[in-house]
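Read through the structure below, which is laid out as structure tokens, and then see the notes.
Nothing in this text is a laboratory measurement; each read-out follows from the coordinates by a stated rule. This structure is a prediction, so every number in the text was calculated from the model and none was measured. So basically every Cβ, Gly included, is an ideal-geometry build from the backbone, and we count neighbours across all protein chains shown.
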Amino acid sequence: MNYLIIGLICLVLLILMIYLYTKDSESSRKFFLYERAIEDLNKKIYELEKSSKREHSADDDEEFKNYIDEIFESSMEKITHFIVTSRKKDEEDIKKLIDKVDSKLAHVEEKLKAINTIPESYQMNDKKIVNLYEKGLSVSEIARNLRVGIGEVELVLKIAGIK
């Protein structure tokens, strides 16, 4: 039974690790896409600057550079905002998952404690077995009276150091 519980805990931890790995790979993919978009923007800016040098005067070039810089800054702000909000959402999801795993782990620990406790009826049987043996009853008579196996009676007497 303990192996089953340990196995369940390991399974939950494995699922958590897989979930975190998946989220990390999604974030990496998003960052790769952002990097690619920024590179494309830089290429377009370069091409526009190059073509503007041929077609416009120096004043127009300065205006154009300012316009491009504004577009670039605006794009960077939007991208940064998107990254930050998606990262916060991922962190919230991970915290929720960790809380869920913790509650399930606490539940499993409670079940394990309940399994590992010895019921009072067994403890009472042990005392009855010892008392009946000390009164002179045989092992088979004790087993018959208490409706337990002979092996259990012998085991209890060995543990008690009587037999």
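General remarks:
- Here the alpha carbons of the chain define both size measures, Rg and Dmax, at 36.9, 119 Å.
- Taking 20 Å as the straight-line reach from the Cα of LYS158, the lysines in range (excluding those fewer than 8 positions away in the same chain) are LYS127, LYS128, LYS135.
- Here the sum of -39500 (n - 2.57) over DSSP H runs of 4 or more residues, divided by the residues of the chain, equals -32500 deg cm²/dmol at 222 nm, to the nearest 500.
- Filter on LYS43/LYS88; LYS23/LYS100; LYS30/LYS100; LYS50/LYS78 - keep pairs with C-alpha separation over 20 Å: LYS43/LYS88; LYS30/LYS100; LYS50/LYS78
- Volume of the convex hull of region 120-159 (Cα atoms only), normalised per residue: 55 Å³.
- Under the span-like rule (Cα at least 24 Å along the axis, Kyte-Doolittle mean at least -1.0), DSSP H helices of the chain: 2-55, 58-116
- Sequence-separation-based contact order of the chain, relative, with Cα cut under 8 Å and 6+ spacing, percent: 20 percent
- Least to most buried among ASP126, ASP99 (fewest other Cβ within 10 Å first): ASP99, ASP126
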